[in-house]
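The values are calculated or read from the model by the stated rules, or taken from the named source; none is laboratory data. Small disclaimer: the values here were computed from a predicted structure and weren't measured. Cβ sites come from the backbone with ideal geometry, for glycine too, and all protein chains shown count toward neighbours.
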Amino acid sequence: RIVGMPGDTIEVTGRVVKVNGAPLLRHELNETHADAMGEILRSALEVLDGRPHAVLEDPATSLRDYAPFRVEPGRYFMMGDNRDHSNDSRSWGTVRLEEFKGPAFILYWSWDWNGSWFSLLNPMTWWVNLTGKTRWERMGRFHECL
């Protein structure tokens, strides 16, 4: 997810992400999910540029603070949605526009999966929704590109 545009200042304190000094609005969802290793993650909504985005957080860790950083011209600051377990611009730096691969233009499969990645090796889970929900209403939809 793009969090910072060229010229923006990004800062993280605790679980609060600030863009140009303004904290992003957060709404706790009081939902949990188990990841592939069985760790329990919490869901929250973060509002960026007027749009809500789901983020996952590991309550057993704390999001490491990130000192105020000004995004260089022609570069973008990215943050993964799995905040505590994402390698993103906090780890490997900002991204040039030329390095973008582009947005998805069509959703060919959409699944609200809450099982382990290991269980996906069983073909029964591909067709029989034992631990997830197929989101038929999203599949095949075209999305506007940038």
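Go through region 28-66 and give me each residue that's among the polar types (S, T, N, Q) and part of a loop (DSSP other than H, G, I, E, B). I'd like the intermediate steps shown before the answer.
Our first condition is that a residue be among the polar types (S, T, N, Q); within region 28-66, this holds for 30, 32, 43, 61-62.
Matches in region 28-66: THR61, SER62.
Does VAL19 count as within 18 Å of PRO52 (Cα to Cα) and modelled with pLDDT of 95 or more? Please lay out each step first, then the result.
Values: within 18 Å of PRO52 (Cα to Cα): yes; modelled with pLDDT of 95 or more: yes.
Considered against the rule, which asks whether it is within 18 Å of PRO52 (Cα to Cα) and modelled with pLDDT of 95 or more, VAL19 comes out as yes.
Got a sec? Which of LEU63, LEU120, LEU146 is surrounded by 12 or more Cβ atoms within 10 Å (Cβ to Cβ), over 16 Å from ARG15 (Cβ atoms) and modelled with pLDDT under 85?
On the way: LEU63 fails: over 16 Å from ARG15 (Cβ atoms); LEU146 fails: surrounded by 12 or more Cβ atoms within 10 Å (Cβ to Cβ).
From the options LEU63, LEU120, LEU146, the qualifying one is LEU120.
Select from region 40-50 the residues that are of a type in the set (Asp, Glu) and farther than 16 Å from ASP81 by Cα and list them in ascending order. Show your work before the answer.
Filtering region 40-50 for residues of a type in the set (Asp, Glu) gives 46, 49.
Hits for region 40-50: nothing passes.
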